[in-house]
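**Student:** Have a look at this one.
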Number of protein chains: 2
Amino acid sequence: MYKIAIAGAGAMGGRIGVSLKQAGYDVTLIDDWQEHVNCINENGMEVQTEMDTYTVNIPAVLTKDVSGQFDLIIILTKAMQSEKMLQHLQEANTIHKDTAILSMMNGLGHEERLSKLVPLSQIYLAVTMWTAGLRGPGQLLLEGEGAIDLQRADGEKDSRTEVILNMLNTSGLNAQISSDVFKSIWSKATLNSVLNPLCTILDKTIYEFGCYEDAQDMITPIVDEIISVGQAKHIDLNRQTLLDKIEASYPKEAQGLHYPSMHQDYNNGRLTEIDYLNGQIVEYGKVFNIPTPTNALITHLIHQLEMKNH
Amino acid sequence: MYKIAIAGAGAMGGRIGVSLKQAGYDVTLIDDWQEHVNCINENGMEVQTEMDTYTVNIPAVLTKDVSGQFDLIIILTKAMQSEKMLQHLQEANTIHKDTAILSMMNGLGHEERLSKLVPLSQIYLAVTMWTAGLRGPGQLLLEGEGAIDLQRADGEKDSRTEVILNMLNTSGLNAQISSDVFKSIWSKATLNSVLNPLCTILDKTIYEFGCYEDAQDMITPIVDEIISVGQAKHIDLNRQTLLDKIEASYPKEAQGLHYPSMHQDYNNGRLTEIDYLNGQIVEYGKVFNIPTPTNALITHLIHQLEMKNH
């Protein structure tokens with residue numbers, strides 16, 4: 001049977017893992033949080049939805065204790081932990097020559113980092129529009145609907161893509177094969193590069209941010225820099241589409257009442273993923289000699305704030 | 001006798017006014033803060049220095065009650081109040097054709113705004129390196145030494161410049177006539193455009209800001225934009241000199257342990273002077289078609305924060 005690992009079993013990893021497990025697949029959760037792993041193994045994963053609360057039995061293992069081989073490893077760690085995770089999984093002999101490594105992480109450049117460890121032909125990229133929350137160790141909160149866009153990182157189609165697609169869809173995860181997953185990744189990263197750091201710096205909800213009368217004037221240069229860098233990487237982004245998408249999240253009825261995840265990371269004393277959003281744009285800008293002053297300033301501001309925690 | 005008014009008698013206005021008064025000049029303080037004006041008139045201005053505490057009797061008047069004519073009006077209101085103040089002083093017939101209007105305010109563009117109301121040949125600009133504090137209504141706190149750079153706004157020399165210089169120097173205010181007061185104004189505004197908003201946004205002291213290992217990389221683009229805009233206005237600023245000046249303020253032994261004044265304004269619920277610093281750079285940039293993305297972002301961030309107070 002196809003063996004699946006979820007490397008990084010936080011909220012989103014939990015959601016994907018539980019969905020696959022409920023559909024009957026062989027799934028193992030891998031995580032570094034001892035209490036979380038213990039709770040899942042002792043009591044199962046408690047899942048609270050809008051409708052009811054139930055338990056899903058699913059094996060969990062600490063990263064250091066992982067063993068056996070997997071056919072599909074879905075990476076859902078924090079961006080800065082993914083390389084270390086993949087390196088460990090490799091050293092623990094859990095990856096064979098046909099193992100598909102599927103990154104569902106937010107942010108940019110994962111295929112470049114992960115392909116230093118495994119061939120690009122084994123790497124798959126996905127963008128998920130699902131959301132998920134963790135109420136505590138072993139306690140998932142699942143609300144709303146979502147979808148997944150998926151493609152092999154080198155753009156090729158193969159039978160494994162179809163296998164993965166089929167597993168996600170029989171698990172109700174609403175996946176489709178994309179012909180340009182990078183466009184989806186960069187679109188989501190643009191939204192995240194604007195709202196995540198700015199709401200964190202300002203300590204504002206998305207709605208409060210959007211109430212500023214010059215919000216569009218404020219965010220357009222940030223978006224334009226990302227579009228310029230994207231063009232150099234042959235990613236075709238549309239300014240108006242991106243601005244519309246960001247502005248569509250302002251209303252209270254949309255995501256307005258939420259603080260973005262970076263705000264939560266920062267306020268919980270965790271490092272943020274800024275280096276995989278605006279910081280990655282700045283790094284690409286240096287490579288292509290494209291100025292990225294607003295993304296650089298935002299990256300510095302978040303690093304300055306992170307110093308308060310670390 | 002030469003009649004002097006201090007329009008805006010906060011900490012710095014108080015310091016300048018008291019110094020002139022102690023040297024025997026005819027000085028009137030003008031301010032909008034009723035309690036402050038009452039205290040000064042009833043008890044005199046209480047002055048606390050490093051050495052001792054004493055009282056200086058000096059007349060104070062509410063802006064709306066001002067009358068008589070002045071030969072020298074020193075403007076030390078908040079930047080956004082100066083035009084309204086000057087307009088009121090004009091309507092109250094306190095300005096005659098030889099009255100010197102001396103702006104000692106921080107920020108850029110004051111000569112352009114004030115010269116809409118009085119001829120440029122009557123306007124003088126000064127930069128002060130003195131500092132001052134207000135402990136409460138009618139209570140000045142005076143520490144440290146300072147100096148004043150002074151020039152007529154149109155660059156011409158005249159006898160009034162000499163008269164003003166002489167009054168300031170006989171009052172111990174360490175003034176000199178500058179041959180390029182705009183360079184001094186822009187240098188100080190550059191320092192203020194970097195440290196004031198960034199320490200406010202980050203809620204950091206100057207020392208804490210400077211502890212960030214990439215601080216120089218963070219501030220250089222902001223400074224470079226100001227230099228480019230300055231060049232278009234024929235103001236010759238030196239990057240290294242400006243960076244050195246900013247960095248010299250980081251140590252705890254320098255200004256490091258202080259929050260800049262904008263941080264205090266913001267935290268006391270007052271509007272900031274951002275539109276006369278980074279915001280003015282952005283406006284000049286538009287005129288000369290010079291990109292100012294980091295100054296624009298900083299201006300937006302401060303305006304976003306101000307919405308929390310107003």
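The values are calculated or read from the model by the stated rules, or taken from the named source; none is laboratory data. Predicted, not measured: the structure shown is a model, and the values here were computed from it. Reconstructed Cβ throughout: ideal geometry from the backbone, glycine too, with neighbour counts over all protein chains shown. For the accessible areas, the whole protein counts, side chains as well, though only heavy atoms, and no ligand, DNA or RNA atoms are used. Shrake-Rupley method; radii C 1.70, N 1.55, O 1.52, S 1.80 Å.
**Student:** Go through A:90-98, A:59-67 and give me the packing order, highest mean Cβ count within 10 Å leading. Present the calculation step by step, with values, prior to reporting the outcome.
**Tutor:** Numbers: A:90-98: 13.2, A:59-67: 14.9.
Highest to lowest by the protection proxy: A:59-67, A:90-98.
**Student:** To the nearest 10 degrees, how steeply does helix B:293-309 sit against the main Cα axis of chain B, on a 0 to 90 scale?
**Tutor:** 60
**Student:** Is the C-alpha gyration tensor of region A:126-281 telling us rounded, prolate or oblate? Criteria: a/c under 1.5 is rounded; beyond that, a/b larger than b/c is prolate, otherwise oblate.
**Tutor:** Values: a/c = 1.88, a/b = 1.23, b/c = 1.52.
Cα axes put region A:126-281 in the oblate bin.
**Student:** Could you work out, for region B:190-271, what percent of all Cα-Cα pairs fall into each 10 Å distance bin, beginning at 0 Å and stopping at the bin that holds the largest distance?
**Tutor:** Histogramming region B:190-271 at 10 Å steps yields 18, 49, 27, 6 percent.
**Student:** How much length is gained on full extension from residue B:267 to residue B:23, taking 0.36 nm per residue of separation minus their Cα-Cα distance?
**Tutor:** Numbers: separation 244, 0.36 × 244 = 87.84 nm, distance 3.60 nm.
Full extension of this stretch gives 84.2 nm more.
**Student:** Using a probe of 1.4 angstrom, how much of the accessible area of region B:180-304 is carbon and sulfur, in percent?
**Tutor:** Numbers: 2510 of 5110 Å².
In region B:180-304, the share of accessible area belonging to carbon and sulfur is 49 percent.
**Student:** For residue B:308, tell me the accessible area in Å² from a 1.4 Å probe, rounded to the nearest 10.
**Tutor:** Rounded to the nearest 10, the figure is 90 Å².
**Student:** Based on DSSP H runs of at least 4 residues, each adding -39500 (n - 2.57), what is the mean residue ellipticity at 222 nm of the protein assembly as shown after dividing by all its residues, to the nearest 500 deg cm²/dmol? Spell out each step's value before the answer.
**Tutor:** On the way: 24 runs with 277 residues, N = 620.
It lands at -13500 deg cm²/dmol.
**Student:** Around residue A:9, what is the net charge, scoring Lys/Arg as +1 and Asp/Glu as -1 over all other residues with Cβ under 14 Å from its Cβ? Walk me through the numbers before you get to the answer.
**Tutor:** Working: positive: A:15, A:21, A:78; negative: A:31, A:32, A:35, A:46, A:65.
Neighbour charge sum, excluding residue A:9 itself: -2.
**Student:** Of B:35, B:273, A:145, A:112, which has the most accessible area and how do the rest follow, probe 1.4 Å?
**Tutor:** Values: B:35 100, B:273 30, A:145 155, A:112 70 Å².
Output order, biggest surface exposure first: A:145, B:35, A:112, B:273.
**Student:** Here is a further query. If one takes the accessible area of chain B alone plus chain A alone and subtracts that of the pair, with a 1.4 Å probe, what total in Å², rounded to the nearest 100, results? Mind dumping the intermediate values first?
**Tutor:** On the way: alone 14230 and 14220 Å², together 26230 Å².
That pair hides around 2200 Å² of surface in total.
**Student:** Follow-up question, since we're still on this one. Among DSSP beta bridges whose residues both lie in region B:1-178, state the antiparallel percentage, nearest 5.
**Tutor:** Working: 12 of 39 bridges.
Of those bridges, close to 30 percent are antiparallel.
**Student:** Another question, if that's okay. Relative to the present Cα-Cα distance, how much length would full extension add between residue B:310 and residue B:53 at 0.36 nm per residue of separation?
**Tutor:** Values: separation 257, 0.36 × 257 = 92.52 nm, distance 3.72 nm.
Gain on stretching residue B:310 to residue B:53: 88.8 nm.
**Student:** Give the Cα extents of region B:26-164 along the principal axes, in whole Å, largest first.
**Tutor:** 41, 33, 27
**Student:** Just add up the charged neighbours of residue B:225: K/R +1, D/E -1, any other residue whose Cβ is under 14 Å from the Cβ of residue B:225. Walk me through the numbers before you get to the answer.
**Tutor:** Numbers: positive: B:233, B:239, B:286; negative: B:224, B:283.
Net local charge, residue B:225 excluded: +1.
**Student:** State, to one decimal in nm, how far the label point of residue B:203 lies from the label point of residue B:170, with both points 7 Å from Cα in the Cβ direction.
**Tutor:** Result: 5.1 nm between the two label points.
**Student:** What is chain A's relative contact order, in percent, from Cα pairs under 8 angstrom and six or more apart in sequence?
**Tutor:** Values: 553 pairs, mean separation 44.5, N = 310.
Once divided by the residue count of chain A, the mean separation gives 14 percent.
**Student:** Please give the FRET efficiency for residue A:177 paired with residue B:286, using the beta carbon to beta carbon distance and R0 = 41 Å, rounded to the nearest 0.05. Don't skip to the answer; put the middle values down first.
**Tutor:** Working: r = 46 Å, r/R0 = 1.13.
Taking R0 as 41 Å, the efficiency between residue A:177 and residue B:286 is 0.30.
**Student:** Determine the relative contact order of region B:1-178: mean sequence separation of Cα pairs under 8 Å and six or more apart, normalised by residue count, in whole percent.
**Tutor:** Working: 370 pairs, mean separation 39.7, N = 178.
Reported as a whole number, the value is 22 percent.
**Student:** Sticking with this one: Take the alpha carbon atoms of region A:4-45, find their center, do the same for region B:207-262, and report the distance between the two centers in whole angstrom.
**Tutor:** Using only Cα atoms, the two centres lie 49 Å from each other.
**Student:** Further, regarding this structure: Would you tell me the mean number of C-beta atoms belonging to other protein chains that fall within 10 Å of each C-beta in B:285-292, as a whole number? Could you put the intermediate results ahead of the total?
**Tutor:** On the way: counts 0, 0, 0, 0, 0, 0, 3, 2.
Per residue, the number of nearby Cβ atoms from other chains is 1 on average.
**Student:** If a/c stays under 1.5 just call it rounded; otherwise compare a/b with b/c (prolate if a/b is bigger, oblate if not). Do that for region B:124-196, with a ≥ b ≥ c from the square roots of the Cα gyration tensor eigenvalues. Before the final figure, lay out each step's value.
**Tutor:** Numbers: a/c = 2.50, a/b = 1.26, b/c = 1.99.
Because a/c hits 1.5 or more and a/b fails to exceed b/c, region B:124-196 counts as oblate.
**Student:** Continuing with the same structure: Of the beta bridges DSSP finds with both residues in chain B, what % are antiparallel, to the nearest 5? Please report the intermediate quantities before stating the final value.
**Tutor:** Numbers: 12 of 39 bridges.
Within chain B, antiparallel bridges account for around 30 percent of the total.
**Student:** Which one of B:55, B:190, B:128 has the biggest mean-square fluctuation once chain B is modelled by GNM with Cα springs under 10 Å?
**Tutor:** Result: B:55 has the largest fluctuation of those listed.
**Student:** Rounded, prolate or oblate, given the Cα gyration tensor of chain A, with a/c below 1.5 counting as rounded? Could you put the intermediate results ahead of the total?
**Tutor:** Working: a/c = 1.66, a/b = 1.36, b/c = 1.22.
Verdict is prolate for chain A.
**Student:** Would you kindly state how much longer the chain becomes between residue B:42 and residue B:211 on full extension, computed as 0.36 nm times their sequence separation minus their alpha carbon distance, in nm to one decimal? List each step's numbers first, then the result.
**Tutor:** Details: separation 169, 0.36 × 169 = 60.84 nm, distance 4.65 nm.
Result for the pair: 56.2 nm of gain on full extension.
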